[in-house]
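Below is one structure, written out as structure tokens; the observations come after it.
None of the figures in this text is laboratory data; all of them are computed from the coordinates on show. These figures come from a predicted structure and were not determined experimentally. Neighbour counts are summed over all protein chains in view; Cβ atoms, including those assigned to glycine, are modelled from backbone coordinates with ideal geometry.
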There are 2 protein chains.
Amino acid sequence: MTTKFNPKIWPSTTTENSGVISVGGCSLTSIAREFGTPAFVLDEADFKLRAQQWKSALDKNFGANAGTAYYAAKAFISKEIAHWVEQSGLGLDVCTGGELAVAKAAKFPADRMELHGNNKSETEIADAIDYRVGTIVIDSLQEIERVAKIAHNKGVVQKVLLRLTPGVDAHTHEAISTAHEDVKFGFSIASGAAWDAVLSTSKHESLSLQGFHAHIGSQIFVANAFETSAGRLIEMLAKYKTQFGSELPELDLGGGYGIAYVDTDNPNDPNSILENLSATVTAECHKHNLAVPKISIEPGRAIVGPAMITLYEVGTTKEVVLEDGSKRWYVSVDGGMSDNLRTALYDAVYSINLVNRTSSAQLIRARVVGKHCETGDIVIHDVRLPSDIVPGDLLATPATGAYGRSMANNYNHMVRPPVISVLNQTARTIIRRESYADLLALEVDEPPRKISE
Amino acid sequence: MTTKFNPKIWPSTTTENSGVISVGGCSLTSIAREFGTPAFVLDEADFKLRAQQWKSALDKNFGANAGTAYYAAKAFISKEIAHWVEQSGLGLDVCTGGELAVAKAAKFPADRMELHGNNKSETEIADAIDYRVGTIVIDSLQEIERVAKIAHNKGVVQKVLLRLTPGVDAHTHEAISTAHEDVKFGFSIASGAAWDAVLSTSKHESLSLQGFHAHIGSQIFVANAFETSAGRLIEMLAKYKTQFGSELPELDLGGGYGIAYVDTDNPNDPNSILENLSATVTAECHKHNLAVPKISIEPGRAIVGPAMITLYEVGTTKEVVLEDGSKRWYVSVDGGMSDNLRTALYDAVYSINLVNRTSSAQLIRARVVGKHCETGDIVIHDVRLPSDIVPGDLLATPATGAYGRSMANNYNHMVRPPVISVLNQTARTIIRRESYADLLALEVDEPPRKISE
């Protein structure tokens, strides 16, 4: 008998026993009974394994020039996750005061942190400097002045990188190298904005320019995209050396490494990605007569994405006759677009499995939908599921760890699901399920204040 | 001097004084100073005015046959909103236990409520029946059994409507009448599912079938869409009379009435929409020799949408050179896709204005973006803004009342903005701004539990 789940997509500790799927040694039927549904189930061992794979691959391929593997908090963060990241030897990339607040609450080592963002407030910058965040990645000319002023006032020399837009479109079958990028982030190399930013930064004694950063996108499978970007940043390092007579010590090549959501996705492993990147960086630096700088990366989705699944209970099923006479079977679960926004937001495609029992029933054309009052509330547009699925059955969507709980909302006043961490046949809640009382707690009964016109 | 805001899009109490915009007699500069940004600003008088317009238009055009104008909670709900809805004489349409919990907390009159949803849990159904919710709108065969059983066990005869799919595509320039609809909601008339549902419902003594419901979509401008749908439901009423020898007393024609987001949107007023609908309903009922039933409607967006705006502060600006040599000016605000998901989710188009001062500067091509770590975090894709906008200026997006705060999330650990209600030169918080502590409060430190495999 073949396993019914694809191990490329499911967490690495996933097993099957008589049709019941377990993660971290915990059967999903038990998880549903103990913690309720919907629920995110996070494989602690898998998370740490993937984190360590990226860290090891960076160390192995860049040796003494390995910088920091920053975990990108935006994919999913909590204090517990921050502890795991720290224990695994990675750094942490935060991009708002809220993400910084989690890091502070977890006492994450500040020197292994960087602060991102295209519109950091003065408060966020001041908080980051007060916490002694290792690196601030600067995104605009106004921000150069802003960070410089705040650092100066605090008597701090702040290490900074400049975020550059290298003109690499990585969202097609091959990376297209364009002159420009129509995005809010960074300084364009092609337009000269990047060099202006270097000159502007160098005028401030409170800023210590360490090098450049680029992030070329998300969920990238294109082989040469990261290399093309690295090459352009290294040209900027060479220009810096020519003009300033010294070399910048660091390059942060960002993240965006794709993961598998469905059978046809074939992501490369961390080692082969960084092996290729190392070869390019070494060759380009050699070409420009530069020492290889410290190389940092920012995997987020590639660590937490495959480590987490979403567990649902089926509520209703319905056969709908389509215009061409064919039939579609609608299967409704107890969550939806409030816990997985990516299907509606990006037309993202996921897998789903029956996880509480075997079924030898015929597979039929199905659509898995949520319980929101919205037609677009679809979990999986088109999937083949056993025709004997009934209310009470459990379904699970793998690879929901990144941008699942982190983008969840309370649309229709649905409460957000808990995150249950599983490890070695034990389970514990690390983020609890919201309650209606939580939602109502934001409502206040305040007397009106007189306001000037 | 012409006003710089389009009164068709802004709340009805909006005024301008030397470039400073006020809503409810409160200047947005004062609101920003007193309550901070980003913030939702809700015009209480405008909300109540629009609610009453729908209620009056229903009463005027249907006379003794006017049913209930249900406010659709999914657009935006809180206890305070529920009070306003009640005071305005409307009913309330809820579609989850969470929305029901708000109604209960506000002590909303149960007989003026209906419960919707394609996948109501047993708990939600039981809670609704316990609260004596007037109408449950049933969506699937399984739900007929579920509601019947729960009502029976509680010794209640529950009034129900059946949600039907009439086969009307209202999202084009004219309503297309198709045989089928590929949606999760309701019972298809064309396939026979609707009639099966009637037969199934009629077998249960704990269910009292009142009639039919249809909801053909959202943000609809198409003139004849509602009439086409009503005609098909009335055919079903006629079939019922033929088969059962009695007439069903109610028809709920749903919502979906479009509002203006930009200058080119031209929604009809409630009276003309319901005048047309009344003519169709009367003619169709006459044709089928039926008494006109009670007619209910469900406006949501059309009431709260135009009554609320989002107030932002500018953080950074940046000129980006595009591939064709032209320039785009990126203006970053202190919110983004976490408080207005509709731009990213539906390619929705909004307006935006400088609201804190006059500007005689040239208007230039701009894109307003948020502060999230995501390229798609765009508030307005393409808009002309004064070229002298600088950090600290205030911008406001009107018509964000529906599906704005209700779909807001904490992506990047951004806290959700408050809702500030304004009226007659006074302002008060009805939903407070979240804090980082609120977000961290969901994290728990629980000992692991042993779970069976």
Next item on the list: Would you kindly work out, in nm and rounded to one decimal, the distances from the label point of B:Thr358 to those of the same position in each other copy, ordered shortest first, with label points 7 Å along Cα-to-Cβ?
Entry: 8.1
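Note down the magnitude of the dipole of chain A about its Cα centre, charges +1 on Lys and Arg C-beta and -1 on Asp and Glu C-beta and zero elsewhere, to the nearest 20 debye.
Details: 43 positive and 54 negative charges, 133 e Å.
The calculated dipole for chain A is roughly 640 debye.
Let me spell out the model: positive unit charges on the Cβ of Lys and Arg, negative unit charges on the Cβ of Asp and Glu, origin at the Cα centre of the protein assembly as shown. What dipole size does that give, in debye rounded to 20?
Computed charge dipole of the protein assembly as shown: roughly 900 debye.
Percent relative contact order of chain B, based on C-alpha pairs within less than 8 angstrom and at least six residues apart?
Details: 986 pairs, mean separation 88.0, N = 453.
For chain B, the relative contact order is 19 percent.
Give a quick list of GluC sites (Glu not before Pro) in the stretch A:316-392 that DSSP marks as loop, anything other than H, G, I, E or B, with at most 13 other Cβ atoms within 10 Å. All intermediate terms of the calculation are to be shown ahead of the outcome.
Values: sites: A:Glu319, A:Glu323, A:Glu374; in loops: A:Glu323, A:Glu374.
Those that pass, being in a loop and sparsely packed, are A:Glu323.
Expected output is a single nm value to one decimal: the length gained when fully extending between A:Ser452 and A:His286, i.e. 0.36 nm times separation in residues minus the C-alpha distance. What is it?
Values: separation 166, 0.36 × 166 = 59.76 nm, distance 6.50 nm.
Taking A:Ser452 through A:His286 to full extension adds about 53.3 nm, to one decimal.
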Notebook entry, point to check: In nanometres, what is the gap between the two model label sites at B:Val156 and A:Ser272, each 7 Å from Cα along Cα-to-Cβ?
Noted result: 5.9
Check: What percentages, rounded to whole numbers, describe P(r) for the stretch B:71-146 computed over all alpha carbon pairs with 10 Å bin width beginning at zero?
Finding: 21, 56, 20, 3
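How much length is gained if the chain between B:Glu205 and B:Thr426 is pulled fully straight, taking 0.36 nm per residue apart and subtracting their Cα-Cα distance, in nm to one decimal?
Numbers: separation 221, 0.36 × 221 = 79.56 nm, distance 5.25 nm.
Roughly 74.3 nm would be gained on extension.
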Next item on the list: Kindly state, as a whole number, the per residue volume in cubic angstrom of the convex hull around the alpha carbon atoms of the stretch A:232-295.
Entry: 85
Notebook entry, point to check: Based on the alpha-carbon gyration tensor of the stretch A:318-453, what equivalent-ellipsoid semi-axes (square roots of 5 times the eigenvalues) come out, in whole Å, largest first?
Noted result: 34, 22, 13
Notebook entry, point to check: Using only the Cα atoms of the stretch A:113-224, what do you get for the radius of gyration and for Dmax, in Å?
Noted result: 14.9, 48
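Restricting things to Cα coordinates, could you compute the convex hull volume per residue of the protein assembly as shown in Å³?
Working: hull volume 148.9 nm³, N = 906.
So the per-residue hull volume is 164 Å³.
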Next item on the list: Find the chain A residue whose Cβ sits closest to the rotation axis that carries A onto B, and give that distance in whole Å.
Entry: A:Asn409, 2
Next item on the list: Using every pair of alpha-carbon atoms in the stretch A:123-184, split the distances into 10 Å bins beginning at 0 and state the percent of pairs per bin, rounded to integers.
Entry: 19, 40, 20, 18, 3
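For the stretch A:45-304, with only Lys/Arg (+1) and Asp/Glu (-1) charged at the beta-carbon, what is the dipole magnitude about the Cα centre, in debye rounded to 20? Don't jump to the answer; show the numbers that get you there.
On the way: 24 positive and 32 negative charges, 132 e Å.
That gives a dipole near 640 debye.
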Next item on the list: Given a cut-off of 31 Å, name the pairs among A:Lys184/B:Lys4; A:Lys107/A:Lys154; A:Lys55/B:Lys327; B:Lys8/B:Lys74; A:Lys55/A:Lys287; A:Lys4/B:Lys149 whose C-alpha atoms lie farther apart than that in the structure shown.
Entry: A:Lys55/B:Lys327; A:Lys4/B:Lys149
Margin query: How large is log10 of I(q)/I(0) for the stretch A:159-259 at q = 0.15, 0.16, 0.19 Å⁻¹ when the intensity is taken from the Debye formula with one equal scatterer per alpha-carbon?
Written below: -0.58, -0.65, -0.89
Next item on the list: Once you have the Kirkwood Rh of the stretch A:276-374 from its Cα pairs, apply Stokes-Einstein at 37 °C and 0.692 mPa s and quote D in µm²/s.
Entry: 182
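When the chain is fully extended, how far beyond the present Cα-Cα distance does B:Asp196 get from B:Asn6, taking 0.36 nm per residue of separation?
Numbers: separation 190, 0.36 × 190 = 68.40 nm, distance 4.95 nm.
My answer for the length gained is 63.5 nm.
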Margin query: For chain A, what does the helix formula give at 222 nm: sum of -39500 (n - 2.57) over DSSP H segments with n ≥ 4, over the residue count, nearest 500 deg cm²/dmol?
Written below: -8500 deg cm²/dmol
Checklist line | Low-density loop positions, trypsin sites (Lys or Arg not before Pro), the stretch B:77-164 - DSSP coil, at most 15 other Cβ in 10 Å | finding: B:Lys107, B:Arg132
Checklist line | Kirkwood hydrodynamic radius (C-alpha pairs) into Stokes-Einstein, the stretch B:45-303, 37 °C and 0.692 mPa s, D in µm²/s | finding: 179
Notebook entry, point to check: Can you list, shortest first and in nm, the gaps between the label point of A:Ser452 and those of its counterparts in the other copies, using a point 7 Å from Cα in the C-beta direction?
Noted result: 7.0
Next item on the list: Find, among the GluC sites (Glu not before Pro) in the stretch A:188-275, those assigned to loop by DSSP (not H, G, I, E, B) with at most 10 other beta-carbon atoms within 10 angstrom.
Entry: A:Glu205
Item checked: Given charges at Cβ of Lys, Arg, Asp, Glu: the protein assembly as shown dipole, positive-most of A:His171, A:Val331, A:Ala190 -> A:Val331
Item checked: Cβ-vector label at 7 Å, A:Thr178, separations to other copies in nm -> 3.3
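To the nearest 0.05, what FRET efficiency results for A:Val444 and B:Lys107 with a Förster distance of 22 Å applied to their C-beta separation?
Computed FRET efficiency for A:Val444 and B:Lys107: 0.80.
Per the Cauchy relation, a quarter of the hull surface: what is the mean projected area of the convex hull of the alpha carbons in chain A, in nm²? Provide the component values of the computation, followed by the final result.
Numbers: hull surface 106.0 nm².
So the Cα hull casts an average projection of 26.5 nm².
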